[in-house]
Amino acid sequence: MSDDVTLRATIPEGTPISGTFRGKAQVQRYFERALPTVISRFAQQVPTEMIAHGNKILVLGDDSMVLTADGSTHRSPYVTVYEHDDRDRIRSMLVIQDLSAVAERHRRTR
């Protein structure tokens, strides 16, 4: 990752994984601390597909996730757009996935 990497997940506001995370330290905290407070496990449901174009890589997939707060399982297709810099370090990650049900369930259990 580049030092100024950004990560954004398209989950509605109100969860520890909502918003934009900037810099290596924040992105690392997102994966190590914030994400496990909302989702305890991901399982890929179909093989991923990767499409590269210029300095972008799109990863298409469909996964299920277990909500940490209540153990419920949710499933959703996604696309993650990775953009890399001229040294092939990740500059940005954008996760596009309908996580509205996860956000709602998280808010209700808090």
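Out of 37, 48, I need the residue that is surrounded by fewer than 16 Cβ atoms within 10 Å (Cβ to Cβ), farther than 30 Å from residue 110 by Cα and among the β-branched types (Val, Ile, Thr). Which one?
Values: 37 fails: farther than 30 Å from residue 110 by Cα.
Checking each option against the conditions leaves just 48.
Which count do you get for residues in region 48-58 that are in contact (Cβ under 8 Å) with a residue 12 or more places away in the chain and either under 12 Å from the mean Cα position of the chain (by Cα) or not in a strand (DSSP E or B) (or both)?
As a first pass, look at region 48-58 and keep what is in contact (Cβ under 8 Å) with a residue 12 or more places away in the chain: 48-49, 55-58.
So of that shortlist, the ones also either under 12 Å from the mean Cα position of the chain (by Cα) or not in a strand (DSSP E or B) (or both) come out as 48, 55.
Counting residues in region 48-58 that are in contact (Cβ under 8 Å) with a residue 12 or more places away in the chain and either under 12 Å from the mean Cα position of the chain (by Cα) or not in a strand (DSSP E or B) (or both) gives 2.
The conditions are (1) part of a strand (DSSP E or B); (2) in contact with a Ser or Thr (Cβ under 7 Å, 6 or more places away or on another chain); (3) not aliphatic (A, V, I, L, M), and residue 70 fails exactly one of them. Which is it?
With (1) part of a strand (DSSP E or B); (2) in contact with a Ser or Thr (Cβ under 7 Å, 6 or more places away or on another chain); (3) not aliphatic (A, V, I, L, M) applied to residue 70, the lone miss is (1).
Could you please let me know if residue 107 is assigned to a strand (DSSP E or B) and surrounded by fewer than 16 Cβ atoms within 10 Å (Cβ to Cβ)? Spell out the reasoning first.
Working: assigned to a strand (DSSP E or B): no; surrounded by fewer than 16 Cβ atoms within 10 Å (Cβ to Cβ): yes.
No, not satisfied.
Among the residues of region 73-104, what is the count of those that are under 21 Å from residue 26 (Cβ atoms), touching a strand residue (DSSP E or B) at 6+ places or on another chain (Cβ under 8 Å) and not in a strand (DSSP E or B)?
Residues in region 73-104 being under 21 Å from residue 26 (Cβ atoms), touching a strand residue (DSSP E or B) at 6+ places or on another chain (Cβ under 8 Å) and not in a strand (DSSP E or B): 3 in total.
Looking only at region 88-104, which residues are over 14 Å from the mean Cα position of the chain (by Cα), surrounded by 16 or more Cβ atoms within 10 Å (Cβ to Cβ) and either of a type in the set (A, V, I, L, M) or at pLDDT below 95 (or both)? If you could, list the steps in order and put the result at the bottom.
Of region 88-104, the ones over 14 Å from the mean Cα position of the chain (by Cα) are 88-91, 101, 104.
Pick out the ones that are also surrounded by 16 or more Cβ atoms within 10 Å (Cβ to Cβ) and you get 90-91.
The answer is 90, and nothing else.
The values are calculated or read from the model by the stated rules, or taken from the named source; none is laboratory data. Predicted model only: the values in this text are computed from it and were never measured. Every residue, glycine as well, gets a Cβ built from its backbone with ideal geometry; the counts of neighbours run over all protein chains shown.
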